[in-house]
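These notes are about the structure you will find just below.
The values are calculated or read from the model by the stated rules, or taken from the named source; none is laboratory data. In this text the structure is predicted, and so the values were computed from the model without any measurement. So basically every Cβ, Gly included, is an ideal-geometry build from the backbone, and we count neighbours across all protein chains shown.
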């Protein structure tokens with residue numbers, strides 16, 4: 001019999017998980033896509049902090065590979081001269097989540113980094129399968145580089161969005177955009193479809209993101225596991241820009257995120273690795289439900305701000 005390993009869980013995380021796991025009803029993957037999207041939207045309204053004050057929030061439409069593509073621009077100092085800009089890809093397994101679920105985080109990033117943040121409303125599965133979201137992610141980055149007043153791109157995203165930040169950086173490494181990628185910031189990213197990860201066993205259920213839920217996401221988006229965009233861990237990382245990679249200690253994706261940080265370091269990529277010990281997947285959108293997540297967000301953004309400053313000297 002395998003002994004269950006005890007993991008450090010912060011007190012506020014424990015309370016949040018106790019509440020979440022006490023809710024009756026079937027798991028997300030049994031609810032259907034539209035119900036799952038509504039459920040995650042409701043969780044975000046209850047568990048995330050409000051957007052807060054920010055000088056400018058604007059939505060624009062740009063041409064994309066599958067038609068018009070919506071971008072939401074956050075800027076707390078819209079009269080600034082051209083400088084770095086963040087392109088952000090929200091998580092949600094390429095199925096759930098949207099611009100609104102990550103609205104508060106994008107506003108906070110714009111305030112703390114003091115740069116514009118542009119959130120991308122990419123196409124989701126099952127309406128649009130692989131590689132639609134990845135195509136939109138790359139197209140948005142190229143459009144921003146060529147059309148938005150900026151000197152360089154910071155590519156960021158969480159979970160599925162963290163994967164797309166890496167995949168887009170790899171694409172722009174091979175075929176550069178009009179402005180360079182100066183940093184990437186994948187947050188608890190998906191970086192492979194394979195591997196024997198202890199964190200998959202330790203956090204398979206009961207920690208917000210379940211392994212069964214991930215299998216459901218993967219079945220709907222139907223990414224090719226042999227494609228670099230789906231599994232960047234399995235492909236060379238040399239030549240990527242400075243990277244701040246974040247994981248959560250109580251996350252099924254933790255170990256593959258750790259492995260990718262190691263791969264970046266071995267490839268000679270300037271890398272900062274931070275782990276939110278005792279916290280769960282999705283914490284950047286849980287600043288109210290898990291108050292200690294605010295310190296994780298603040299610490300990561302401070303490290304990213306330093307990385308951006310070094311890249312723009």
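Go through segment 226-267 and report how many residues are closer than 16 Å to residue 168 by Cα and not in a loop (DSSP other than H, G, I, E, B). I'd like the intermediate steps shown before the answer.
Initial filter on segment 226-267 (closer than 16 Å to residue 168 by Cα): 227-245, 260, 264.
Add one more test, that the residue is not in a loop (DSSP other than H, G, I, E, B), and what stays is 232-234, 243-245, 260, 264.
Residues in segment 226-267 being closer than 16 Å to residue 168 by Cα and not in a loop (DSSP other than H, G, I, E, B): 8 in total.
Of the residues in segment 46-65, how many are surrounded by fewer than 12 Cβ atoms within 10 Å (Cβ to Cβ) and touching a helix residue (DSSP H, G or I) at 6+ places or on another chain (Cβ under 7 Å)?
The total comes to 2.
If I go through segment 181-209 residue by residue, how many of them are part of a loop (DSSP other than H, G, I, E, B), surrounded by 14 or more Cβ atoms within 10 Å (Cβ to Cβ) and at pLDDT 95 or above?
Result for segment 181-209: 11.
Can you confirm whether segment 141-156 contains a residue that is in a helix (DSSP H, G or I), within 11 Å of residue 120 (Cβ to Cβ), touching a helix residue (DSSP H, G or I) at 6+ places or on another chain (Cβ under 8 Å) and free of Cβ contacts under 8 Å to residues at least 60 places away in the same chain? Break it down into steps so the answer makes sense when it comes.
Of all residues in segment 141-156, those in a helix (DSSP H, G or I) come to 141-147.
If we keep only those that are within 11 Å of residue 120 (Cβ to Cβ) as well, we get 141, 143-144.
With touching a helix residue (DSSP H, G or I) at 6+ places or on another chain (Cβ under 8 Å) added as a condition, the list becomes 141.
Subsequent filtering for residues that are free of Cβ contacts under 8 Å to residues at least 60 places away in the same chain retains 141.
There is at least one residue in segment 141-156 that is in a helix (DSSP H, G or I), within 11 Å of residue 120 (Cβ to Cβ), touching a helix residue (DSSP H, G or I) at 6+ places or on another chain (Cβ under 8 Å) and free of Cβ contacts under 8 Å to residues at least 60 places away in the same chain.
If you go through segment 216-234 one residue at a time, do you hit one that is in contact (Cβ under 8 Å) with a residue 40 or more places away in the chain, crowded, with 20+ Cβ neighbours inside 10 Å and more than 18 Å from residue 94 (Cβ to Cβ)?
No, segment 216-234 contains no residue that is in contact (Cβ under 8 Å) with a residue 40 or more places away in the chain, crowded, with 20+ Cβ neighbours inside 10 Å and more than 18 Å from residue 94 (Cβ to Cβ).
Restricting to segment 174-189, give me the number of residues that are within 14 Å of the chain's Cα centre (by Cα) and farther than 18 Å from residue 311 by Cβ.
Final tally of qualifying residues: 3.
If residue 185 satisfies all but one of (1) farther than 28 Å from residue 10 by Cα; (2) touching a strand residue (DSSP E or B) at 6+ places or on another chain (Cβ under 9 Å), what's the number of the condition it fails?
(1)
Between a first residue in segment 1-28 that is at pLDDT 90 or above and a second residue that is in a loop (DSSP other than H, G, I, E, B), which pairs have beta carbons less than 6 Å apart while being 6 or more apart in sequence or on different chains?
Final answer for the pair search is 10/292; 12/290; 12/291; 12/292; 13/290; 16/289; 16/290; 21/206.
Yes or no: segment 66-81 includes at least one residue that is out of contact with any helix residue (DSSP H, G or I) (no Cβ under 8 Å at 6 or more places or on another chain) and under 23 Å from residue 294 (Cα atoms).
Step one: list which residues in segment 66-81 are out of contact with any helix residue (DSSP H, G or I) (no Cβ under 8 Å at 6 or more places or on another chain), which gives 67-68, 70, 73, 77-81.
Now restrict to residues that are under 23 Å from residue 294 (Cα atoms): 73, 77.
Yes, some residue in segment 66-81 is out of contact with any helix residue (DSSP H, G or I) (no Cβ under 8 Å at 6 or more places or on another chain) and under 23 Å from residue 294 (Cα atoms).
Do the conditions hold for residue 80, that is, is it closer than 24 Å to residue 182 by Cβ, without any contact (Cβ under 8 Å) to a residue 60 or more places away in the chain and out of contact with any strand residue (DSSP E or B) (no Cβ under 6 Å at 6 or more places or on another chain)?
Working: closer than 24 Å to residue 182 by Cβ: yes; without any contact (Cβ under 8 Å) to a residue 60 or more places away in the chain: yes; out of contact with any strand residue (DSSP E or B) (no Cβ under 6 Å at 6 or more places or on another chain): yes.
So residue 80 passes the test.
Can you confirm whether residue 95 is over 15 Å from residue 301 (Cβ atoms), touching a helix residue (DSSP H, G or I) at 6+ places or on another chain (Cβ under 8 Å), surrounded by 16 or more Cβ atoms within 10 Å (Cβ to Cβ) and touching a residue at least 24 places away in the same chain (Cβ under 8 Å)? Before the answer, list the steps.
Working: over 15 Å from residue 301 (Cβ atoms): yes; touching a helix residue (DSSP H, G or I) at 6+ places or on another chain (Cβ under 8 Å): yes; surrounded by 16 or more Cβ atoms within 10 Å (Cβ to Cβ): yes; touching a residue at least 24 places away in the same chain (Cβ under 8 Å): yes.
Here the answer is yes, as residue 95 does meet what is asked.
If I filter segment 158-169 for residues that are part of a loop (DSSP other than H, G, I, E, B) and touching a strand residue (DSSP E or B) at 6+ places or on another chain (Cβ under 9 Å), do I get at least one hit? Even if it seems obvious, please write down each step before you answer.
Step one: filter segment 158-169 for residues part of a loop (DSSP other than H, G, I, E, B), giving 159.
When the remaining residues are screened for being touching a strand residue (DSSP E or B) at 6+ places or on another chain (Cβ under 9 Å), the result is 159.
Looking through segment 158-169, at least one residue is part of a loop (DSSP other than H, G, I, E, B) and touching a strand residue (DSSP E or B) at 6+ places or on another chain (Cβ under 9 Å).
What about residue 133, is it out of contact with any helix residue (DSSP H, G or I) (no Cβ under 6 Å at 6 or more places or on another chain) and part of a helix (DSSP H, G or I)? Steps first, please.
Values: out of contact with any helix residue (DSSP H, G or I) (no Cβ under 6 Å at 6 or more places or on another chain): yes; part of a helix (DSSP H, G or I): yes.
Considered against the rule, which asks whether it is out of contact with any helix residue (DSSP H, G or I) (no Cβ under 6 Å at 6 or more places or on another chain) and part of a helix (DSSP H, G or I), residue 133 comes out as yes.
Limited to segment 27-79, what total is found for residues that are closer than 30 Å to residue 207 by Cβ and not in a helix (DSSP H, G or I)? Lay out the reasoning, then the answer.
Here is the first cut: in segment 27-79, the ones closer than 30 Å to residue 207 by Cβ are 27-52, 72, 74.
Filter once more, keeping what is not in a helix (DSSP H, G or I): 27, 31-32, 48-52, 72, 74.
Final tally of qualifying residues: 10.
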